[in-house]
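Below is one structure; the comments refer to it alone.
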């Protein structure tokens with residue numbers, strides 16, 4: 001097996017070869033190891049991928065996409081035929097003309113060719129806050145995925161609009177829980193657990209949804225006494241929920257729910273998994289009544305790839321390496337690591353490292369590559385030696401951003417994400433509870 005050190009020694013040669021190909025025309029490569037990508041389709045331009053079924057190449061390729069998932073129409077050839085320098089000039093010129101009327105929000109997992117233009121860069125929690133703090137903006141261009149743009153629309157002002165440059169930028173984890181499934185789960189839980197408070201005023205169950213979920217599920221939590229969480233404040237949110245209910249049902253990421261609850265002392269046996277196609281989620285009545293946290297059977301395809309074996313290999317190759325992972329990773333990976341936290345936590349840990357430190361990271365490759373580039377005094381590499389980025393984050397491309405901004409200059413608002421007011425009202429309740437739950 002090729003070692004991490006051997007891969008790193010090959011990286012300089014690979015980067016030299018890649019430099020001769022325009023950045024937006026080549027597949028993502030793991031610069032820290034020089035390893036190949038997980039799917040040859042990553043070499044295709046997104047507008048080619050947009051015409052294909054599914055999430056596209058990358059970690060989510062094998063996930064089942066809903067039939068009603070948004071699709072992106074074709075881009076004008078003006079943008080698909082343009083080279084990197086031309087796209088850059090168009091983006092810069094449009095940004096200058098739009099000024100403070102338009103703000104670009106960029107998620108940490110976006111490719112560098114997009115992050116360079118963002119007015120604000122952060123994780124979903126940070127970008128949700130940014131959408132509430134800039135009343136001067138008429139439009140937010142959200143370079144992320146669909147559920148993030150929905151959240152920005154819910155939290156922004158009534159006269160502000162939110163645009164997603166590529167409508168096909170969804171999230172397979174968010175798609176693993178539909179509102180119909182969640183409402184069916186709730187009916188079954190109420191039948192088993194009751195729907196009234198106990199003598200202490202606590203409810204039988206409090207719904208908690210991860211930010212990576214649809215606006216409809218956020219609204220469900222808002223009208224049923226629940227709340228939204230992010231990876232930054234999940235523990236604070238669970239404390240909030242346990243103060244109000246005897247147990248929690250956690251959508252849609254089982255791993256974040258499990259890892260957070262375990263760190264709070266909840267036993268694995270008290271966290272049954274809810275599988276939405278089975279009666280009572282595949283659990284007995286006793287298991288549900290004894291539960292502290294009922295976990296929805298969802299996951300992130302990027303973070304599911306990380307393994308304990310990868311950590312062991314990194315430790316063997318680099319004695320003293322610090323291993324940091326995202327809490328969407330499976331529990332054995334989180335327990336084997338030296339630290340686990342949100343993308344912002346990972347970024348701060350690397351910023352605080354000392355020159356010469358070696359850090360292995362378990363999260364999306366674009367962030368790992370960016371942190372490596374920002375900290376040449378450190379050795380930063382991804383635990384997974386095969387590059388497999390988020391399939392849908394990868395769909396945001398400078399050509400889509402140029403098209404979006406030039407459309408706004410012309411007075412059009414393309415790809416607007418507008419949450420129905422009936423949904424937004426309840427979702428805002430759950431989101432405002434989240435924003436108040438500061439870690």
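The values are calculated or read from the model by the stated rules, or taken from the named source; none is laboratory data. Nothing here was measured: the structure is a model prediction, and the numbers come from that model. Virtual Cβ from ideal backbone geometry, glycine too; neighbours counted across all protein chains shown.
What to note about this one:
- Scanning segment 128-135 finds no residues that are farther than 30 Å from residue 100 by Cα, touching a strand residue (DSSP E or B) at 6+ places or on another chain (Cβ under 7 Å) and outside any loop (DSSP other than H, G, I, E, B).
- Of all residues in segment 164-181, those satisfying the criterion of being in contact with a helix residue (DSSP H, G or I) (Cβ under 7 Å, 6 or more places away or on another chain) and either buried (at least 24 other Cβ atoms within 10 Å of the Cβ) or part of a loop (DSSP other than H, G, I, E, B) (or both) are 164, 165, 166, 168, 169, 170, 171, 174, 177.
- Failed criterion for residue 225 (all others in (1) at negative phi; (2) surrounded by fewer than 24 Cβ atoms within 10 Å (Cβ to Cβ) hold): (1)
- Filter result for residue 197 (assigned by TED's automatic domain parsing to the domain that holds residue 250, in contact with a strand residue (DSSP E or B) (Cβ under 8 Å, 6 or more places away or on another chain) and surrounded by fewer than 18 Cβ atoms within 10 Å (Cβ to Cβ)): yes
- Of the residues making up segment 200-220, not one is without any contact (Cβ under 8 Å) to a residue 60 or more places away in the chain, assigned to a loop (DSSP other than H, G, I, E, B) and buried (at least 24 other Cβ atoms within 10 Å of the Cβ).
- Exclusive hit being modelled with pLDDT of 95 or more, over 27 Å from residue 250 (Cβ atoms) and in a helix (DSSP H, G or I), set 353, 316: 316
- Enumeration of residues in segment 356-381 that are outside any loop (DSSP other than H, G, I, E, B) and within 17 Å of the chain's Cα centre (by Cα): 361, 362, 365, 366, 367, 368, 369, 370
Quick grid of which residues meet (1) in the same structural domain as residue 168 (by TED's automatic domain parsing); (2) surrounded by fewer than 17 Cβ atoms within 10 Å (Cβ to Cβ); (3) modelled with pLDDT of 50 or more:
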{"residue": "12", "(1), (2), (3)": "no, yes, no"}
{"residue": "26", "(1), (2), (3)": "no, yes, no"}
{"residue": "30", "(1), (2), (3)": "no, no, no"}
{"residue": "42", "(1), (2), (3)": "yes, no, yes"}
{"residue": "47", "(1), (2), (3)": "yes, no, yes"}
{"residue": "51", "(1), (2), (3)": "yes, yes, yes"}
{"residue": "70", "(1), (2), (3)": "yes, yes, yes"}
{"residue": "73", "(1), (2), (3)": "yes, yes, yes"}
{"residue": "82", "(1), (2), (3)": "yes, no, yes"}
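- Close pairs from segment 238-262: first more than 17 Å from residue 327 (Cα to Cα) and in the same structural domain as residue 201 (by TED's automatic domain parsing), partner at pLDDT 95 or above and in a helix (DSSP H, G or I), Cβ under 6 Å, at least 6 apart: 248/241
- Residue tally, condition in contact with a helix residue (DSSP H, G or I) (Cβ under 7 Å, 6 or more places away or on another chain), within 14 Å of residue 163 (Cβ to Cβ) and either in contact (Cβ under 8 Å) with a residue 60 or more places away in the chain or surrounded by fewer than 18 Cβ atoms within 10 Å (Cβ to Cβ) (or both), over segment 96-113: 2
- Within segment 344-355, residues that are at positive phi and buried (at least 17 other Cβ atoms within 10 Å of the Cβ) have Cβ atoms under 8 Å from residues that are at pLDDT below 95 and part of a loop (DSSP other than H, G, I, E, B) in no pair, counting only partners at least 6 apart in sequence or on another chain.
- Taken over segment 309-343, residues that are within 20 Å of the chain's Cα centre (by Cα) and in contact (Cβ under 8 Å) with a residue 60 or more places away in the chain amount to 11.
- Candidates 291, 316, 331: the one that is more than 30 Å from residue 65 (Cβ to Cβ) and surrounded by fewer than 21 Cβ atoms within 10 Å (Cβ to Cβ) is 316.
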